[in-house]
């Protein structure tokens, strides 16, 4: 039996709902049911799950859902590429006139979608859900680090992201097409949607409780996303590196002058190993910090120049029914058959 209501409108704008999924086998079914109830009352809709090469039965569950309900579609990766590439894949496969991006673990409440759609009907091109930090649904440490990070990005970057922001967004088709035109390998979507400059309105929400399982967003991935956000929207760290280099060079010169003056004026030789090794350690740390900052930028430039696709699609709800369908390397071009030759 197909999920959803028979009262759906046959005309009007198509709403696409994109949900990345990694090891969410127990969540995708209940989420599809909830979205059918919420979105079905709004008119035409589709639900696009993006399986980030889950290790559990997520893909099997998505196959079952897609076979039972024509409103459910899915994209499955060849390997785990991450949350941001999954969002990009969803945007490139979504057919809607407006697209909602959200997580499928129920922390982003589906009940907020009608309010977001209402804002879109009023003329907003981007509707950003903003978590109510005062509600107490998020740990103090997460609220503190989020506020500090967005303040830092606002200070040194070219976008302003409100504390409590996430990738819970509604995008107009014009915004989706604009973002799909970017080929950046390292995507920081919540920054990019603000950078493009379309009218944006905010909608507050209380974060829901995760229905099943545990979050797959590890500390390492959160740090990597934070670094990506800074590098994608600011070159100021490179300038800070220059300033640090100048500061440490000045410290070295002052130490040298102090040593020479002490020896010539009073015949005093500056104490040896302790001061020398301390100075070397401080300056060496500064040099490695500068090299690390430069290395991050160079590494990301290398990824861009190689033009490797940000993700590879192994299967969709349509390709599964077409044996021998090619693996899709998405850069905006048509799918091409994967080659093992040189």
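The values are calculated or read from the model by the stated rules, or taken from the named source; none is laboratory data. No experiment lies behind these values; they were computed from the predicted model shown. All Cβ positions, glycine included, derive from the backbone under ideal geometry; neighbour counts span all protein chains shown.
Overview of values
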read-out: Meets criteria (in a loop (DSSP other than H, G, I, E, B), more than 16 Å from residue 171 (Cα to Cα), in contact with a helix residue (DSSP H, G or I) (Cβ under 7 Å, 6 or more places away or on another chain) and modelled with pLDDT under 80) for residue 215; value: no
read-out: Some residue of region 224-231 being surrounded by 12 or more Cβ atoms within 10 Å (Cβ to Cβ), closer than 30 Å to residue 192 by Cβ, at pLDDT 75 or above and out of contact with any strand residue (DSSP E or B) (no Cβ under 7 Å at 6 or more places or on another chain); value: no
read-out: Within region 269-281, tally of residues that are in contact with a helix residue (DSSP H, G or I) (Cβ under 7 Å, 6 or more places away or on another chain) and either within 30 Å of residue 236 (Cα to Cα) or modelled with pLDDT of 65 or more (or both); value: 1
read-out: Residue in region 14-24 that is surrounded by fewer than 22 Cβ atoms within 10 Å (Cβ to Cβ) and over 23 Å from residue 203 (Cβ atoms) present; value: yes
read-out: Qualifying residue in region 160-174 (condition: over 18 Å from the mean Cα position of the chain (by Cα), crowded, with 17+ Cβ neighbours inside 10 Å and modelled with pLDDT of 75 or more); value: yes
read-out: Whichever residue in region 116-140 is in a helix (DSSP H, G or I) and at pLDDT below 70 and, among such residues, is surrounded by the most Cβ atoms within 10 Å (Cβ to Cβ); value: 133
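Each row is one residue, and each column tells you yes or no for (1) assigned to a helix (DSSP H, G or I); (2) surrounded by 21 or more Cβ atoms within 10 Å (Cβ to Cβ); (3) out of contact with any helix residue (DSSP H, G or I) (no Cβ under 9 Å at 6 or more places or on another chain).
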residue: 63; (1), (2), (3): yes, no, no
residue: 70; (1), (2), (3): no, no, yes
residue: 75; (1), (2), (3): no, yes, no
residue: 99; (1), (2), (3): no, yes, no
residue: 107; (1), (2), (3): no, no, yes
